[in-house]
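A.B. asks: This is the structure, below, for whatever I ask next.
The values are calculated or read from the model by the stated rules, or taken from the named source; none is laboratory data. The model shown is predicted, which means the values in this text are computed figures rather than measured ones. Every residue, glycine among them, receives a Cβ derived from its backbone with ideal geometry; neighbour counts consider all protein chains shown.
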Amino acid sequence: MSFARVLNRFSKPLTATLLTLLLAACVLGPDMREDLIRSEPTYARPPANHGVLAEMAAEIYAKHGEDHSGFRLLDRSDEALLWRLALIDSAVSSLDIQTYLWHGDNVGRLILQRAVDAARRGVHVRLIVDDLLTRGQDQLIYELELRPNIEIRLFNPWQNRNLRSRVGEMLVEMERLNTRMHDKLIIVDGQAAIVGGRNIGDHYFGLNKDYNFHDLDLLGFGHIAIQANAMFDHFWNSELVVSGENLDTETDPEFVEETWNKTRASNAAAPELKAFGAEARDWSAELAQGKSELRVATSKLVYDEAEIRTGGENMAQEMFNFLAQAQSELLITNAYVIPAQRALDRLKELTDRGVKIRLLTNSLASHDVPAVNSHYKEWRDDFVRANVELYELRADPAIKSMVDVAPVVSEFTGLHTKAVVRDRRHVFIGSMNFDPRSLNINTEAGAFIDSPELAADLIKVMERDMQPENAWQVLLDEKGKPYWVNSDETLTRQPARGTGQRVMEVLLGIFPKEQY
């Protein structure tokens with residue numbers, strides 16, 4: 001997500017527009033400050049040799065070999081949160097969490113509480129959080145860094161800790177500060193991992209009353225955790241990642257206790273969290289039951305290196321190669337799509353040789369960032385002319401009942417998934433959008449899995465989401481103009497949630513697509 005997109009989501013429209021204009025006009029600036037406290041390189045602990053997660057991984061290794069993992073999709077919002085809690089509560093040795101956004105809402109507080117509880121029982125906890133939206137959390141980060149068994153590092157931190165000063169800093173250091181860590185990763189005991197698109201916050205787990213994301217993660221036991229350890233250690237020891245001890249804050253023991261007591265009380269009282277439980281518990285029964293649902297396969301975890309990015313690198317190249325190898329079919333679900341002509345030409349080459357391609361993305365109606373749609377909409381007819389079946393998520397899909405988690409009923413559903421199935425065998429799940437920011441600016445990550453069984457599971461999800469009760473299909477009339485068809489109606493104007501959204505989309509379309 002770009003700074004413009006953050007402003008678009010969280011600020012008043014006029015302020016967002018003015019600040020985005022400033023940011024778009026910035027010049028390149030100096031590298032990261034050299035006076036930061038640098039921590040000595042450290043690395044993941046060896047995989048735990050005891051505990052329920054170690055037992056599950058050992059069983060997979062014994063039957064299939066040490067280069068295999070057992071996988072399952074995390075499609076439903078409630079399951080995605082429950083499995084995170086199950087892994088964290090089951091940790092006996094180590095817990096590593098790497099995320100772009102960590103909101104201070106119900107989900108953010110709940111996962112933080114469980115991570116701190118793990119540290120208190122002796123688990124070594126390491127957290128990497130992108131510093132883009134940590135404003136106002138310095139005291140908490142600093143105090144947690146001082147706690148036993150917890151280490152916190154910030155990716156690409158701001159020197160200035162208030163919003164007004166950050167605008168000036170951004171003007172001076174555009175090249176550095178524009179690079180953000182978009183990766184999402186959880187590793188427990190070196191034996192289990194979750195890779196995918198969900199940040200830590202209510203929107204991603206069905207608990208926000210305004211809107212919730214339909215998203216997707218990959219849960220894995222076994223070798224995928226070893227691969228994830230290598231990725232996490234790379235970021236952990238990068239020059240772009242610095243310790244929370246650099247924050248200019250004095251320790252305040254009373255703040256710690258007051259904040260902790262409030263956090264536990266809030267989690268216990270929140271009706272949204274009742275189904276998940278506020279306190280850690282034993283998940284052995286659920287983990288044992290889940291073993292039968294695992295798809296055993298080999299995997300390759302690919303990630304962009306932690307550095308100031310100036311062009312497409314590991315993830316982009318790997319994805320282009322992955323798509324180009326299609327022989328018969330591609331199913332693609334991607335939340336934010338802003339293609340280039342080269343990409344459309346490659347898709348056309350594939351369909352010309354008989355590859356069937358279906359693509360699901362956001363409609364304007366389901367979009368949380370209308371500015372992205374303003375740059376995507378001009379390509380709709382090109383996709384259809386390239387013989388790509390194009391679908392756009394409805395804001396009121398039938399799957400809304402599995403995106404929202406009771407008692408929450410949100411106003412609309414948005415798409416946040418990034419997944420591909422190639423030739424009904426090869427699977428990708430990760431964090432990378434098909435837009436310029438993911439390709440050229442942010443760091444991204446994703447897992448490539450060779451598994452017909454997992455591919456079949458994902459195809460069921462993707463084809464379900466493309467059904468007319470969940471999505472619009474975009475077609476062209478006899479004059480070459482797009483129109484939208486779903487199970488209820490046909491529209492000749494792109495669906496939107498209201499006039500205000502249409503106006504915002506037009507206004508934000510004047511800013512460069514390279515920043516989205």
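A.B. asks: Quick one: in region 416-428, which of the residues that are in a strand (DSSP E or B) and in contact with a helix residue (DSSP H, G or I) (Cβ under 8 Å, 6 or more places away or on another chain) is surrounded by the most Cβ atoms within 10 Å (Cβ to Cβ)?
C.D. replies: This residue is VAL427.
A.B. asks: For region 270-316, enumerate the residues that are among the acidic types (Asp, Glu), within 24 Å of the chain's Cα centre (by Cα) and not in a helix (DSSP H, G or I).
C.D. replies: ASP304, GLU305, GLU307, GLU313
A.B. asks: Another question, if that's okay. Report, by residue number, each residue of region 71-82 that is more than 15 Å from the chain's Cα centre (by Cα) and either crowded, with 22+ Cβ neighbours inside 10 Å or β-branched (Val, Ile, Thr) (or both).
C.D. replies: Within region 71-82, PHE71 is the sole residue that qualifies.
A.B. asks: List every residue pair whose Cβ atoms lie under 6 Å apart, where the two residues are 6 or more positions apart in sequence or sit on different chains, the first residue falls within region 470-486 and is assigned by TED's automatic domain parsing to the domain that holds GLU392 and under 18 Å from GLY414 (Cβ atoms), and the second residue, located anywhere, is among the hydrophobic types (A, V, I, L, M, F, W, C) and part of a loop (DSSP other than H, G, I, E, B).
C.D. replies: Matching pairs, first to second residue: ASN470/ALA398; ASN470/ILE399.
A.B. asks: Let me ask something else about it. Quick one: which residue in ASP345, ASP282 is at pLDDT 95 or above, surrounded by fewer than 17 Cβ atoms within 10 Å (Cβ to Cβ) and not assigned by TED's automatic domain parsing to the domain that holds TYR211?
C.D. replies: ASP345
A.B. asks: Listed residues THR134, THR99; which is without any contact (Cβ under 8 Å) to a residue 40 or more places away in the chain, under 20 Å from PHE232 (Cβ atoms) and either of a type in the set (Ser, Thr, Tyr) or not assigned by TED's automatic domain parsing to the domain that holds ASP202 (or both)?
C.D. replies: When all the criteria are applied, what remains is THR134.
A.B. asks: Do you know which residues across region 458-500 are outside any loop (DSSP other than H, G, I, E, B), among the polar types (S, T, N, Q) and surrounded by 16 or more Cβ atoms within 10 Å (Cβ to Cβ)?
C.D. replies: Correct list: GLN473 only.
A.B. asks: If you don't mind, another one. Identify, from the list GLY220, GLY190, GLY201, the residue that is touching a strand residue (DSSP E or B) at 6+ places or on another chain (Cβ under 8 Å), surrounded by fewer than 24 Cβ atoms within 10 Å (Cβ to Cβ), farther than 15 Å from TRP102 by Cα and not aliphatic (A, V, I, L, M).
C.D. replies: Testing whether each residue is touching a strand residue (DSSP E or B) at 6+ places or on another chain (Cβ under 8 Å), surrounded by fewer than 24 Cβ atoms within 10 Å (Cβ to Cβ), farther than 15 Å from TRP102 by Cα and not aliphatic (A, V, I, L, M) leaves just GLY190.
A.B. asks: Now for a separate question. What is the residue count in region 39-62 for residues that are assigned to a loop (DSSP other than H, G, I, E, B) and in contact (Cβ under 8 Å) with a residue 24 or more places away in the chain? Even if it seems obvious, please write down each step before you answer.
C.D. replies: Taking region 39-62 first, the residues assigned to a loop (DSSP other than H, G, I, E, B) are 39-51.
Those still in the list that are in contact (Cβ under 8 Å) with a residue 24 or more places away in the chain too: 39, 41-48, 50-51.
Matching residues across region 39-62 total 11.
A.B. asks: Quick one: would you say ALA496 is under 20 Å from VAL337 (Cα atoms), at pLDDT 95 or above and of a type in the set (Gly, Ala, Ser)?
C.D. replies: Yes, satisfied.
A.B. asks: Of the numbered conditions (1) assigned to a helix (DSSP H, G or I); (2) farther than 30 Å from THR298 by Cα; (3) touching a residue at least 60 places away in the same chain (Cβ under 8 Å), LEU154 satisfies every one except a single condition; which is it?
C.D. replies: Single failed check for LEU154: (1).
A.B. asks: If you check GLU293 against the conditions, is it surrounded by fewer than 18 Cβ atoms within 10 Å (Cβ to Cβ), farther than 22 Å from LYS63 by Cβ, at pLDDT below 95 and not hydrophobic (A, V, I, L, M, F, W, C)? Lay out the reasoning, then the answer.
C.D. replies: Values: surrounded by fewer than 18 Cβ atoms within 10 Å (Cβ to Cβ): yes; farther than 22 Å from LYS63 by Cβ: no; at pLDDT below 95: yes; not hydrophobic (A, V, I, L, M, F, W, C): yes.
In short, no.
A.B. asks: Consider LEU294 carefully, then state whether it is in contact with a helix residue (DSSP H, G or I) (Cβ under 7 Å, 6 or more places away or on another chain) and either polar (S, T, N, Q) or touching a residue at least 12 places away in the same chain (Cβ under 8 Å) (or both).
C.D. replies: So LEU294 does not fit the description; no.
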